[in-house]
Amino acid sequence: MWFLCEYKMIDFKVLFTVLMTAQCALSNQPNVGGIFYSNDEDLKVAMSVSAKLFNLTAIIKEVSKRGDILEITGHVCDLAEKGVVGIIDGLGGKATEHLQGICDILELPLINIQHNDLYVKNWSLINLYPSPVAFNMALEQLIVKKEWLNFTLLYVKGYSLSQVQSLMKMGHPTERVTVTVRELSGKDYREVLINTKKSGHTNFVVDCPSGHLEQILRHAQHVGLMADEHSYVFVSPDLFTLDLHRYRYGGVNMTGFQLVDLLKNEQLYEFISFYNEESGESLAPENLKIKVVLIHDAIFMLYQAMTKVTVVPTSLSCDSYESWTYGTTLLNVMKTNKIEGITRNMIFDGFGQRNNVTMDILELTPAGNQTIGTWKYDELIMSRPFVTAAEIAAETIMRNKTFKVLISKTAPYGYEKKSSDHLEGNDRYEGFTIDLIERIADILDFNYDFELEDDYGGLNPTTHKWTGMIAKLNDEKADFAICDFTITAERQSAIDFSTPFMTLGIGILYKEPSKQPPEMFSFMAVFSKEVWYYMMFVQIGLGAIMIFVGRISNKEWQNPVPCIEQPEELNNQFSFANSVWLIIGSVMQQGSEIAPIALAPRIITSVWWFFTMVMVASYVGTLVAFLTVEKNVLPFENVKELYEHKSISYGAKSKGSTISFFRNSSVPEYKKMYQKMEKNGWLVADNDIGVKLAETKTYAFFMESTSIEYTTQRHCDLLQVGGLLDSKSYGIGMKKGSPYKKYIDEALLKLKESGEIKKLKDLWWKEKMGGGKCSEKRDEEQKQLGMKNMLGAFVVLGVGCLIGIFISTLDMLWGVFKRSVKYNTTFKYELVEELKFALKFNGDIKPLKRPPKTGSGSAEALADLEGKDDITSLRSFRSAKSSDSRRTHHSHNSKHSSGGLSVAFARRRDYS
């Protein structure tokens, strides 16, 4: 029994010792006070967590409503009585002025954590929030770096402009920058923002409390001030703690500041871990408000100062106006003690302001927040130049991401590969759209996984819910749908489409019709009418040219009786009949007995022979095809004739945009055709069935022109009849409001401009999977040879004729010159006489010109001169009525004697 009592006494002593030790330990933890508004739960949690991290006891006081001075005074006095070593001010505004007044009397350190509009230099406090001096310098250099020559300063009514005073000075008349100031007041900022937009302003500096940021951003977006051309600089460091996802893809440029280094900051990650545990939240470090982080740094700074100087917490009374002996010393140590907190270096001036601060300069891009520079002490250091969001978006927003892409097995857009090897994943598929998404992925640097979906999707009339691909895109079960996905108004009401990668329309697929024999005069169709007309004109014109050239060429005038050395006249073979016969004989490849003698006629004849050779060869080469080809006899030429035809059935795919076109059409014929197709059961489940029916039965199948083109390349007995019924496009489907649409559009545009999409289409339509075998067969009507085909031959002929005329003209001029010298006449006279004779075109007999009568008049002397005569014209020698009988008579008389011949000539010539 004694043993038990003694044991109990020992146990009591141990318990008492432990309690006393615990009380002693608790009494060694200095108290730190905090005054916050009752709804600032995040600040109270931060205060509690930070105090625990540094072995301090947090005493938190709540203010129920703003401006309650008596309540604030009571809280300060209560904290003083509990012997706090410092007070964290979470109120701000005029409340800070009242707090500072009481703390000055009590000489208690007061630490502020937010921008205070009412700050004056005689206050004895420390403000961890960057000073207006720091912001003014940073903002001014940032505006200069951005090269803004004009900008609008937006501020909230009642908020001090102390942080942007230097920017307002930039608008001084001596400066070249224009600054506009606009106040945002009330609960709706849209009216002010609309007026700003109407003024054409695109650059903005926004200075407001962090609590107003979301409203300003939302209202700016409502009025259209969040487009590519707009740029913003936000003064509040809390900008990038907000969820800016909705603004990332509009192209707007947002620039702001960040005090926290998120990359290398062990204190931050330790603090956020305890903060989330205490609050029950799951915040990321970048989502912590600046006031929450500054509470941590304030308590850390207080803790570090107490390690430098010994302080004794003392209970103070506001009634007796006592002051804390160690308060001023502790405050001065905190001002001069250089430490690194979560917000990096904490250095203060003599007034407790944080001028030398380090901040990151961030930009909002479609890829997220990007650091573009750093403000350190008094210098802005840029790590990359300013670029628009659009310029970097395509490189960042989709990079290294993996997207689910819906495809269908519709030829040639998607196939399942036929391989002896076991294929998995994306390797199982090939086709046009498979290659297309691969090209887009190469440009935008993303990955993708295919998922097969044969139902393109439609609106269920009963449940009013979308099905197929559209449903999966809306439910975010897939990111993109790429196939022969037609862009329709109905589908666009549910999803977004990229810019079209292929344009098409509805056509009619029908089997090859029966043939009809060539027409009776099909041999005339080798050349076009234009060529036949030109050939007739050329032959007539060439006949005239040959006559003219023959008449002015000396060598073409020949002695009709070669045995007579001195004939009384010469003849020319180039009459109109002979010239035309020479031309026709050449065309018929038979030749003629007419052969040119002089150089010029020979050149023209040679060129004509060359011309006829080309024309005849071209004609004969094409004639066989024209005589053997049989033309198609189509039972209908267009959709209207098909509608009126009684014996041909027609249909389309039962689901899809083609049948929707007929069902929703406002054209009566199309509406009736749809009703007839529906009633008679002419609709088919897929295109393959429709193609088979068109090939084997009297059936016309409506399908998209690209599919018709693909089919007719492989089924040679099918063709497209008539033109297109409509015009539409294929696009890549994605969910409504997809942030990737802009970049997919840009990638498609690049592929179009480079011709890559055209190459892919030719590859899958005309080369792969049996394509191209029907290309040669499609020449139903041989192409006529028109003037553009034969123009070269006509040009050669024309040039040859010009050369011949030029040479014959030189020949004529030389003969005229010789005769003018011989007969002692003028060159002009002989030329005129020669041209008059040549241009008559009505005689092929030319008399010899005789010299004037001499004094002796002897027949011998006259005969000698006559032997030297050359070919020329004689105006008064013989009339144009010479005939072959007269020419024969003269030739007969000329056989008698030379003397008699001379006398005969002398009688006929009128000598002057």
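Any read-out appearing in this document is the output of simple, stated calculations on the displayed coordinates, not a laboratory observation. Since we're looking at a predicted model, the values are computed, not measured. Every residue, glycine as well, gets a Cβ built from its backbone with ideal geometry; the counts of neighbours run over all protein chains shown.
For Ile540 and Ser199 in the same chain, what is the full-extension length gain: residue separation times 0.36 nm, less their Cα-Cα distance, in nm?
On the way: separation 341, 0.36 × 341 = 122.76 nm, distance 7.73 nm.
Separation in residues times 0.36 nm, less the Cα-Cα distance, equals 115.0 nm.
Shape verdict for region 456-499, please, from the Cα gyration tensor: rounded (a/c under 1.5), prolate (a/b greater than b/c) or oblate.
Oblate is the answer for region 456-499, as a/c is 1.5 or above yet b/c matches or exceeds a/b.
Using the beta-carbon distance between Ser666 and Thr503 and R0 = 25 Å, what value does 1/(1 + (r/R0)^6) give for FRET efficiency, to the nearest 0.05? List each step's numbers first, then the result.
Numbers: r = 22 Å, r/R0 = 0.89.
It comes to 0.65.
So for region 691-768, averaging the separation of alpha carbon pairs under 8 Å that are six or more residues apart and normalising by length, what relative contact order in percent results?
Working: 24 pairs, mean separation 20.4, N = 78.
Answer for region 691-768 is 26 percent.
Need the full-extension length gain, Asn337 to Lys82, defined as separation in residues times 0.36 nm minus the C-alpha distance. One decimal, nm. List each step's numbers first, then the result.
Values: separation 255, 0.36 × 255 = 91.80 nm, distance 2.63 nm.
So the extension gain works out to 89.2 nm.
How much length is gained if the chain between Thr826 and Lys736 is pulled fully straight, taking 0.36 nm per residue apart and subtracting their Cα-Cα distance, in nm to one decimal? Write down the numbers at each step before the final one.
Working: separation 90, 0.36 × 90 = 32.40 nm, distance 9.81 nm.
Between Thr826 and Lys736, full extension yields 22.6 nm more.
Around Leu423, what is the net charge, scoring Lys/Arg as +1 and Asp/Glu as -1 over all other residues with Cβ under 15 Å from its Cβ?
Details: positive: Lys409, Lys417, Lys418, Arg428; negative: Glu416, Asp421, Glu424, Asp427, Glu430, Asp449.
Net charge in that neighbourhood comes out at -2.
Among Lys44/Lys335; Lys477/Lys679; Lys145/Lys187, which pairs are too far apart, with a Cα-Cα distance over 29 Å? Show your work: numbers first, answer last.
Details: Lys44/Lys335 25 Å; Lys477/Lys679 37 Å; Lys145/Lys187 34 Å.
Pairs exceeding the cut-off: Lys477/Lys679; Lys145/Lys187.
Sum up the charges of everything whose Cβ sits under 14 Å from the Cβ of Leu263, counting Lys and Arg as +1 and Asp and Glu as -1, but leave Leu263 out. Please list the in-between numbers first.
On the way: positive: Lys264, Arg344; negative: Asp261, Glu266, Glu286, Asp360.
In short, -2.
Which whole-number percent is the relative contact order of region 72-217 (Cα, under 8 Å, 6+ apart)? Write out the running numbers ahead of the final one.
Values: 171 pairs, mean separation 27.3, N = 146.
Relative CO of region 72-217 lands at 19 percent.
Evaluate E = 1/(1 + (r/R0)^6) for Gln720 and Val177, where r is the Cβ-Cβ distance and R0 equals 60 Å; express this FRET efficiency to the nearest 0.05.
Details: r = 65 Å, r/R0 = 1.08.
The value I calculate is 0.40.
Net charge around Leu43, counting only other residues with Cβ within less than 11 Å of its Cβ (Lys, Arg = +1; Asp, Glu = -1)?
Working: positive: Lys44, Lys289, Lys291; negative: Asp40, Glu41, Asp42, Glu62, Asp89.
Charge balance near Leu43 sits at -2.
Taking a threshold of 23 Å on the Cα-Cα distance, which of the pairs Lys409/Lys758; Lys409/Lys672; Lys736/Lys761; Lys52/Lys308; Lys417/Lys741; Lys417/Lys655 fall above it?
Numbers: Lys409/Lys758 21 Å; Lys409/Lys672 32 Å; Lys736/Lys761 28 Å; Lys52/Lys308 20 Å; Lys417/Lys741 29 Å; Lys417/Lys655 26 Å.
Check vs 23 Å cut-off fails for Lys409/Lys672; Lys736/Lys761; Lys417/Lys741; Lys417/Lys655.
Once you put a point 7 Å from the Cα of Lys697 and another 7 Å from the Cα of Lys758, both along the Cβ direction, what distance in nm separates them?
Once both label points are built, they end up 4.1 nm from each other.
Less than 17 Å from a label point 7 Å out along the Cα-to-Cβ axis of Glu97: which backbone N atoms in region 152-179 qualify, by residue?
158-162
Please tell me the relative contact order of region 416-507 in percent, rounded to the nearest whole number, where contacts are Cα pairs under 8 Å and at least six residues apart. Don't jump to the answer; show the numbers that get you there.
Working: 56 pairs, mean separation 15.4, N = 92.
Worked out over region 416-507, it gives 17 percent.
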